[in-house]
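Beneath this line is the structure, given in C-alpha cells, with notes to follow.
The values are calculated or read from the model by the stated rules, or taken from the named source; none is laboratory data. Small disclaimer: the values here were computed from a predicted structure and weren't measured. All Cβ positions, glycine included, derive from the backbone under ideal geometry; neighbour counts span all protein chains shown. SASA here: full protein model, heavy atoms, side chains in, ligands and nucleic acids out. Shrake-Rupley method; radii C 1.70, N 1.55, O 1.52, S 1.80 Å.
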Amino acid sequence: MAPAQGRWAPALWRACNGLMSAFFALAAMVQVNDPDAGLWMVVYTIPAVLTLLVGLNPLVTGNLIWKSVSAIHMFICIVWAVGLAHYLLLHTQQNILHEEEGRELFGLVIITAWMSLCHSSSKNPVGGRIQLALAIVIALFPFTSWVYIYVNKEMRSTWPTHCKTVI
C-alpha cells in the first residue's frame, strides 16, 4: 500500500482510533442489563483499551504484548463469529439484526475488522490511502448503525426487553 500523504493522515488515523475506542467502550457499557453482560463487557472492553492505546501512540501496534493480546482476541472473535454465523444460517427466521445472535455477530465482525486494521498498521501506523479510507468507513459504520436502529422504532419493537431499555 502506498503511504497516505499529508500531515492530516496521522491525525485522521488517531481520530478513527479514538472514535472506535469510544464505540467499543459504549458497546461495553450498554451490555449492563444483558443476560450475559459480563462476557460481552470483556469482549468490548479489550478492543476499547487496545484501540485507545493505538490512538494515543500508533506505534504501540509493534509491541509484542499489544500484538499478542490483539491476535488472541481476534482469534476468539473469529471462532465465535463463525459459530454464530452457522447458528444463524440454521435458525434465522427474520432480519439478521432482529436476532440477538445477529447483532452479536455484527459486533464480533466489527471488532475483528478494526483490530485487523490496527494489527496490519504495525509497519506503517498511518497505512496507505486505502487503509485510511477503510478505517474511516469502519469507524463511522457502528455509529450510523446505532442512529439508524435508534430512529427505526419498528426494528426495536421486536427486540428483547433488555435491549430496549439501554438506549
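Taken as a whole, the structure leaves Asn57 outside the set of residues that are open to solvent by 10 Å² or more (accessible area, probe 1.4 Å), modelled with pLDDT under 95 and touching a helix residue (DSSP H, G or I) at 6+ places or on another chain (Cβ under 8 Å).
If the condition is being modelled with pLDDT under 65, surrounded by 14 or more Cβ atoms within 10 Å (Cβ to Cβ) and assigned to a helix (DSSP H, G or I), then segment 133-167 contributes His162, Cys163. For Leu19, the criteria (1) crowded, with 18+ Cβ neighbours inside 10 Å; (2) not in a helix (DSSP H, G or I) hold in every case but one, which is (2).
Just for segment 98-127: of the residues that are among the hydroxyl-bearing types (Ser, Thr, Tyr) and modelled with pLDDT of 85 or more, which one is surrounded by the fewest Cβ atoms within 10 Å (Cβ to Cβ)? Explain how you work it out, then say what you get.
Start the filter on segment 98-127 by keeping residues that are among the hydroxyl-bearing types (Ser, Thr, Tyr), which leaves 112, 116, 120-122.
Subset that is modelled with pLDDT of 85 or more: 112, 116.
Numbers: Thr112: 20, Ser116: 16.
Of everything passing the filter in segment 98-127, Ser116 is surrounded by the fewest Cβ atoms within 10 Å (Cβ to Cβ).
A Cβ distance below 7 Å, combined with a sequence gap of six or more or placement on separate chains, defines the contacts here; from segment 137-149, residues that are within 15 Å of Arg103 (Cα to Cα) reach residues that are of a type in the set (Lys, Arg) and in a helix (DSSP H, G or I) in the pairs Ile149/Arg156.
When segment 62-96 is filtered for residues that are touching a residue at least 60 places away in the same chain (Cβ under 8 Å) and open to solvent by less than 70 Å² (accessible area, probe 1.4 Å), only Gly62 remains. Of all the numbered requirements in (1) surrounded by 14 or more Cβ atoms within 10 Å (Cβ to Cβ); (2) over 30 Å from Arg129 (Cβ atoms); (3) of a type outside the set (Ser, Thr, Tyr), Val42 misses one, and that requirement is (1).
Would you say Pro35 is modelled with pLDDT under 95, open to solvent by 10 Å² or more (accessible area, probe 1.4 Å) and outside any helix (DSSP H, G or I)? Please lay out each step first, then the result.
Details: modelled with pLDDT under 95: yes; open to solvent by 10 Å² or more (accessible area, probe 1.4 Å): yes; outside any helix (DSSP H, G or I): yes.
So Pro35 fits the description; yes.
Quick check, is Asn95 over 18 Å from Trp146 (Cα atoms) and at pLDDT below 95? For Asn95, the condition - over 18 Å from Trp146 (Cα atoms) and at pLDDT below 95 - is not met.
The single condition among (1) among the hydrophobic types (A, V, I, L, M, F, W, C); (2) modelled with pLDDT of 90 or more; (3) loosely packed, with under 14 Cβ neighbours inside 10 Å that Ile130 does not meet is (2).
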